[in-house]
Structure formats: C-alpha cells, structure tokens
Amino acid sequence: MDSFGRHHNYLRISLTEKCNLRCQYCMPEEGVQLTPKSELLTAQEIITLARLFVKEGVEKIRLTGGEPLIRPDVVDIVGQLYKLEGLKTIAVTTNGINLARLLPRLKEAGLNAINISLDTLVPAKFEFIVRRKGFHKVMEGIHKATELGYHPVKVNCVVMRGFNEDEVLDFVDFTKDLPLDVRFIEYMPFDGNKWNFKKMVSYKEMLDTIKQRWPELERLPCESSSTAKSYKVPHFQGQISFITSMSEHFCGSCNRLRITADGNLKVCLFGNSEVSLRDHLRSGASEEELIQIIGAAVGRKKKQHAGMFNISRMKNRPMVLIGYCVFQKDPSSTFDTKCLDASVGQVPVDCQSKEVCSGSEFHTKVPRASDNLTHTDEEGRATMVDVGGKPDSRRTAVAGAVVLLGEKAFRMVRQNQVKKGDVLAVAQIAGIQGAKLTSQLIPLCHNIPLYHVEVSLSLDEARHAVVIRSSCHTWGRTGVEMEALTAASLAALTVYDMCKAVTHDIVIQELKLLSKTGGQRGDFSRV
C-alpha cells in the first residue's frame, strides 16, 4: 500500500532485455547497452522475488521483455509461478513471433492471459516497422491463442500519427469474428524514441473516427483499477479498448509495480527512480529486510506522473529496458518480396498484371465534364472549393506510375542489393504516407479521412521497370484522386531516390489516374 491508499496487487517482471524484432520506435537509433547476463535475474531469483510479492498481496504477474518468449526457461518459470499460493493470474506480453510454437506448453504450465503487440495489419508495413519478417507468425499466434480458449486475446496497438492511425478502423473490424480485445495505446515518451506531441493520437480522436463508422458503439463497464476504457460494436465477438496514459492518465487507481530484467524495482513506469532488489538479494538480505525495502519504495510513489507535456522531457530507460515494449531497432533487413500489396485484406496482386503495366492504347470515359476550373474564383484567384453542401458518398480512386530503371538498377532492386535498403518496401510505405499527407503538399486539397490506402509495386522484366499502383478510399464530400496520385508519385520518387546512386538514367512516366468512383461527376476509368 502506498501513501495514497493504492493497493498494489499487479507485478510486471521483465525476463530479458533482448528481442527478436528490431522495431523503429522502441529504442534509441544507436541502440542500447545490454546488461551482462551475470547481472540479470536468474530464474530462481525471479521466483524468490515473486513469492515475496505474492505473500504481500500481489495476485497477478505479467511476464514481459524485451521479448519474454525468447528466454529458454520461460515455460519453467511459468510452471514455478503457477505453484505460488495466492497468485490468481499469470500473463505474458509478447510480440507473437514464437507464440504459436510455445503456447501449448505455456498453457499446460499455467499461463492464464496473453497480450500480443501488433501495430499494423499490413504485412509489408509490419516488415518495414520491425526490420524482420514474421507477420504471418504473429497472426498464427493470435489464432492459436483463440483456438486454445484464451478469451479475450489482447492485441496491443500503439497508434502513431502519420504512421498507422489510418488502420484504426481495420483493427476494429479485426474484432468482428475473433474474441479479441484490441487495445489502442496512446504513443508515449521514452528516452530515445524521439517523442513529440504531434505523434500522439488521443483516444477521443480515435473514438470519434470509430463512431463515424459504427455509431452504435457501446461503452463497457470496467474495474476501478483498469487502465483501459472499453467499447464493443454490437454483434462483434471481440471488443476494443483505449489505454489513455497520456491524455487521461489513470494514476489515481494505479495498482502496478515493475521489476526490470536486471532486478530493479520501478514503482512508476514514467519514473526514473529505481531500487535494486537484485543487489539486496545477492548480498544476503533476509525476507523481512526485502519486504521492508520494497514497502519503502512503494511508500515513496508519487500521486501521479509528470503529465503529457512534461513527461517527454524526463530521462528514463528506453522502453525495451523497462519491459513495456517488445521491440528493438536495427538497420538490417531481409525483406525480399518482389511484389508488395498493402491491402489489409491481403488480396494478392498479380505481378504480371497488365492493368497498370501495359503501355497500350486506352479509352477514357469522363461523364458530365465541367467547362470551368473549380479552383479559381470569378476574378481568377486561387480558391479552395466549398464542399459543405455536397452529400457524403463512398469515393475511391486508383492511380499508377512506371519507373524505368535500366538493366543494372533493375537487377539490383530485384535482388535487394541497393545499399540504401529495400527499395520496394520503402517506396511502398512512402506512398502510403504520401497519400495521408496530400492536403499538406497540394495547397487547395481538402484534409479528408482516408479509410483505406493500398500501394503495390511490381517488377516489369521486359521494360526493366517498377510498376506502381495506388488506391485510396473514403466516405465523404470530395474525392481522393489527388491522394491516389500523390501516393503513386511519392512511391515513384522514392524508387528514384534510392536508385540514383546506381544511375541517373531513370525515367518516371505514365503517372496518371486510372479510375475513380463516387461524386457528382460520376465514375471515370481507363480501359
């Protein structure tokens, strides 16, 4: 119990600082200095400390990392924790890479609950984020958990502006047929992750976006100590939650303590104050002395953390060393996909498709064309079109572009040998990001919500070219032609930028709108 009457019955224990992924937002760009193995807690030390905490009222223990499932003795640790009288819940937070393989043994050992970290439902974006393959292993782990009866399986998604906020609705839809609790986590500051306020998407903003699609969204009751605000779309198997640690902190009901992999007790995730339980344990401190040390640390816990604007300036451990996040960063990449599809639905793209690749003649349909320029006023000055009186409708647009590389650069792209990195993967993400930034790049474009963006790239052997196709979708009062064209343009320019060290004899051509639907002027297509 701390000085504010908060009873701490939830302990998080980091089993390792290591991780089998290399995510871009979890660690400083230069990496972190890992603790020597001899200074990390042994399995027996973990159980000894856990027994003390359970004796003093802890009822739930969560195992974290780094990535806890890469620790060789993780199943044995779960089995020993299960034997502790009074411990009701043993949970794990994992990136899911090893989950499907280990889960049957973990369940048999006594694992009660699972949180899986997943920030995107787009396979290519996943590999771009974590610098590793593994998206399908994570999905396999999620389905294995539901098959083995874990209900709900919690999926943690850190939402970052300009990065994955366009996938919020897709994550909600993910709960339709699976017993998941998708937990949207506000982006939080840690030393080295270059946090700034502009990256944070507040839960109210996310909630507003979701209610536009599902106005019948229901608020669910929750325990007073819960960190999550939970909601459910009627008739969906699963639910969604918001972890509002920045916009609306839950310090007043905090019941959590943390032990890092090197044995330091942290009473607040955002605090830089730590007490080394490992050192006291190894110096021969008695059980009573350890309980007094722990009690004193909890007693010094502050009423709340520093707040959204001050906390980003605090010095703290990188996330991977606290056990909050499961990702690390490294510049290496093994991405070798030749044809990338950013569709959340994972609809395969035929790399030999002639729909975009062909340079043949085309026929254009443009119904109800206007004789007047819409972006100028009566005096010829530039103006933004007033769409306030237009009806909402579903709008889609598809655009394409072709980048002629030449034989040498084409061969290097195909074999993923360009020194700057994986050209197709980076260009695809650039295209997606470009679509979302269109209103900032094109002065008279409206800032509209994009429900879905696809960017696919394929290799055309005959022309030594990269063929780009982008599509954008929204429900609103104006179209998304410019968003689709911007996506194709940015993807093409990124291909150029990454290959220009090989040759400057690169040509970008055939940038054009391929089709559009919705709007008062009707549909358009090139066939």
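Values for this structure:
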| read-out | value |
| --- | --- |
| Failed item, numbered, when GLU461 is tested on (1) more than 24 Å from THR209 (Cα to Cα); (2) touching a Gly at 6+ places or on another chain (Cβ under 6 Å) | (2) |
| Among (1) within 23 Å of GLU205 (Cβ to Cβ); (2) open to solvent by less than 30 Å² (accessible area, probe 1.4 Å) - the single one GLU165 does not satisfy | (2) |
| Lone unmet requirement of (1) outside any helix (DSSP H, G or I); (2) more than 13 Å from VAL403 (Cβ to Cβ); (3) β-branched (Val, Ile, Thr); (4) at pLDDT 90 or above for ILE508 | (2) |
| Tally, over segment 474-527, of residues that are in contact with a strand residue (DSSP E or B) (Cβ under 7 Å, 6 or more places away or on another chain), closer than 18 Å to ILE429 by Cβ and of a type outside the set (Asp, Glu) | 9 |
| Criterion violated by ALA113 - all others in (1) touching a strand residue (DSSP E or B) at 6+ places or on another chain (Cβ under 7 Å); (2) of a type outside the set (D, E, K, R); (3) in contact (Cβ under 8 Å) with a residue 60 or more places away in the chain; (4) surrounded by fewer than 22 Cβ atoms within 10 Å (Cβ to Cβ) satisfied | (3) |
| Test result for ILE432, touching a Gly at 6+ places or on another chain (Cβ under 9 Å) and closer than 13 Å to GLU483 by Cα | no |
| Candidates THR16, THR48, THR89 - the one that is under 30 Å from MET160 (Cα atoms) and either in the same structural domain as LYS303 (by the TED database) or not small (Gly, Ala, Ser) (or both) | THR16 |
| Sole residue being closer than 29 Å to GLU216 by Cβ and open to solvent by less than 20 Å² (accessible area, probe 1.4 Å), chosen from VAL122, VAL138, VAL130 | VAL122 |
| Test for ASN115: is it assigned to a strand (DSSP E or B) and under 11 Å from the mean Cα position of the chain (by Cα) | no |
| Test result for ARG101, of a type outside the set (Ser, Thr, Tyr), under 27 Å from the mean Cα position of the chain (by Cα), in the same structural domain as ARG131 (by the TED database) and surrounded by fewer than 16 Cβ atoms within 10 Å (Cβ to Cβ) | yes |
| Answer residue from segment 63-72, given it is open to solvent by 10 Å² or more (accessible area, probe 1.4 Å) and of a type outside the set (A, V, I, L, M, F, W, C) and is nearest to ALA261 (Cα to Cα) among those | ARG71 |
| Candidates SER458, SER471 - the one that is among the small types (Gly, Ala, Ser) and either over 27 Å from ARG394 (Cα atoms) or open to solvent by 20 Å² or more (accessible area, probe 1.4 Å) (or both) | SER458 |
| Filter result (within 18 Å of ARG395 (Cα to Cα) and open to solvent by less than 30 Å² (accessible area, probe 1.4 Å)) within segment 482-512 | GLU483, ALA484, THR486, ALA487, ALA488 |
| Criterion violated by LEU87 - all others in (1) out of contact with any strand residue (DSSP E or B) (no Cβ under 7 Å at 6 or more places or on another chain); (2) farther than 30 Å from VAL455 by Cα; (3) open to solvent by 20 Å² or more (accessible area, probe 1.4 Å) satisfied | (1) |
| Test: residue in segment 230-238 that is at pLDDT below 95, in the same structural domain as ALA50 (by the TED database) and in contact with a Lys or Arg (Cβ under 6 Å, 6 or more places away or on another chain) | no |
| Subset of segment 141-162 (residues that are open to solvent by less than 40 Å² (accessible area, probe 1.4 Å), of a type in the set (A, V, I, L, M, F, W, C) and over 10 Å from the mean Cα position of the chain (by Cα)) | ILE142, ALA145, VAL153, VAL155 |
| Candidate set from segment 174-201 (those that are among the polar types (S, T, N, Q) and more than 22 Å from VAL122 (Cα to Cα)); member that is modelled with the lowest pLDDT | ASN193 |
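The values are calculated or read from the model by the stated rules, or taken from the named source; none is laboratory data. The shown structure was predicted, so the numbers you read here are calculated from the model rather than taken from an experiment. Every residue, glycine among them, receives a Cβ derived from its backbone with ideal geometry; neighbour counts consider all protein chains shown. To get the accessible areas, we keep the full protein, side chains included, count just its heavy atoms, and leave off ligands, DNA and RNA. Shrake-Rupley method; radii C 1.70, N 1.55, O 1.52, S 1.80 Å.
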